[in-house]
Amino acid sequence: MSKSPEGEHPQKAFGWAARDKSGVLSPFNFSIRVNGDNDITIKVLYCGICHTDLHQIKNEWGNSVYPMVPGHEIVGMVTEVGKNVTKVKVGEKAGVGCFVGSCGSCHSCADDLENYCTKQILTYNARYHDGTPTYGGYSDNLVVEEHFVIRFPENLPLDAAAPPLLCAGITVFSPMKYYGLCKPGMSFGVVGLGGLGHVAVKFAKAFGMKVTVISTSLRKKKEAIEHLGADSFLISRDQEEMQAAIGTMDGIIDTVSAFHPLLPLILLLKNHGKLVMVGAPNKPLELPVSPLLFGSGMGGIKETQEMIDFAAKHNITADIEVIPMDYVNTAMERLTKGDVKYRFVIDVANTLTP
């Protein structure tokens, strides 16, 4: 007979969980393992809300296991370290992103690309090495193997930088670096100005590129130009504007999770230009995207640390709305409607109460 979530491990934990595909979250008692020699225990301070959380709690990708504690944009205070740990000390800040385990021996892991490991263990809605479920950051504490913890520079604010950058940040930073879309003077397009897109604009400007935000309407033009510093704004439904921009961009990052045509975007590229897909539509596009997304929606631990350090150097943070834990279901409803600018972050430490 399987044990209850409260009885699987010695240490008690508390969070908010979805019990079924309704996606409604409510208080949940569970347990976490004892801190091992190579582990770090983190008291969660903030956890971002990612669009992936919405897909998962509602089982929109067909792989959800309940009860589910979401959250893979986690930052907190280190409260315990194992005897072999050297990365962080008790009292320091640390983060956890999209995954908490991998095989450690395949070619992907050897190349610091744990995000492509076929035995990758996601931060929630997965099984750890011992077969017990992983629970995410909508909770008070978690125990994570040292390798999968990210150090945080002191100048980065924990709410606006840490949570969103650990998912949205690395999701755009990784392909921009890998495909060379990070050179001063390049023409770079960002499709969609949401949680991913607004951070992509900030990174692109920090790299010194000429940035064009591509959107379906004028609604976000002022925000893109005046607040985020984009150089230009292109309306994808305006045929004349799109025609005039054909063949002008070195690269485009597409962050949109809704159905949309790809050919008009491809036509905007120069010869040998690159279109990078990081959105996750729940309906097939004209070009199948899912096989291209595995691993590309994040980055390896080494690269994630590089991204965080780069963000600290250039003072890059996400634009957020901090919410209490008991607002999370309303936040999910607003997220469904796209009513957030640009990322919800849960103030776990101050608002998670049994």
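The values are calculated or read from the model by the stated rules, or taken from the named source; none is laboratory data. It should be emphasised that the depicted structure is a prediction, and the values quoted were computed from it without experimental measurement. Quick reminder, even Gly has a Cβ in these numbers, built from the backbone with ideal geometry, and neighbours come from all protein chains shown. Surface areas here come from the heavy atoms of the whole protein model, side chains and all, with no ligands, DNA or RNA. Shrake-Rupley method; radii C 1.70, N 1.55, O 1.52, S 1.80 Å.
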Descending semi-axes in Å of segment 301-346, equivalent ellipsoid built from Cα gyration tensor: 27, 11, 10
What accessible area per residue, rounded to a whole number of Å², is obtained for segment 1-55 using a probe radius of 1.4 Å? 45
Compute the FRET efficiency between residue 105 and residue 240 as 1/(1 + (r/R0)^6), taking r as their Cβ-Cβ distance and R0 = 51 Å, and round to the nearest 0.05. 0.40
Given bins 10 angstrom wide, list per bin the percent of all Cα-Cα distances in segment 142-285, short to long. 11, 41, 33, 11, 3, 0
Please give the per residue accessible area of segment 301-346, computed with a probe of 1.4 Å over protein heavy atoms only, in Å². 46
Computed lengthening from residue 219 to residue 37, 0.36 nm per intervening residue step minus Cα-Cα distance: 60.3 nm
Would you mind getting me the FRET efficiency between residue 337 and residue 11? Use the beta-carbon distance for r and R0 = 35 Å, nearest 0.05. 0.40
Take residue 89 and residue 179, extend 7 Å from each Cα along the Cα→Cβ direction, and tell me the distance between the two endpoints in nm. 4.2
Name the most mobile residue of 306, 240, 73, meaning the one with the largest mean-square fluctuation, in a Gaussian network model of the chain with Cα contacts below 10 Å. 240
Here segment 11-163 gives, from Cα atoms, an Rg and Dmax in Å of 14.9, 43
Quick one: with all protein chains in place, what share of the accessible area of the chain is carbon or sulfur, to the nearest percent (1.4 Å probe)? 52
Figure the gain on full extension for residue 314 and residue 80 (residue separation times 0.36 nm, minus the Cα-Cα span) and round it to one decimal in nm. 81.2 nm
How big is the antiparallel share of DSSP beta bridges in the chain, given as a percent to the nearest 5? 60
How high is the relative contact order of the chain? Use alpha-carbon pairs under 8 Å, at least six apart in sequence, and give a whole percent. 18
How much accessible area per residue does segment 169-295 have, in Å², with a 1.4 Å probe? 48
Modelled label reach - residue 327, point 7 Å along Cα→Cβ, segment 336-354 residues with backbone N closer than 17 Å: 336-353
Mind pulling up the Rg/Rh value for the chain? Radius of gyration and Kirkwood radius, both on Cα. 0.97
To make sure I understand the rule: partners must be aspartates and glutamates, Cα under 16 Å from the Cα of residue 183, and not fewer than 8 residues away in the same chain. Which ones qualify? 231, 250
Pair residue 147, residue 22: separation of 7 Å Cα→Cβ label points (nm): 4.1
If you stretched the chain out fully between residue 63 and residue 266, how much longer would it get, using 0.36 nm times the residue separation minus the C-alpha to C-alpha distance? 69.9 nm
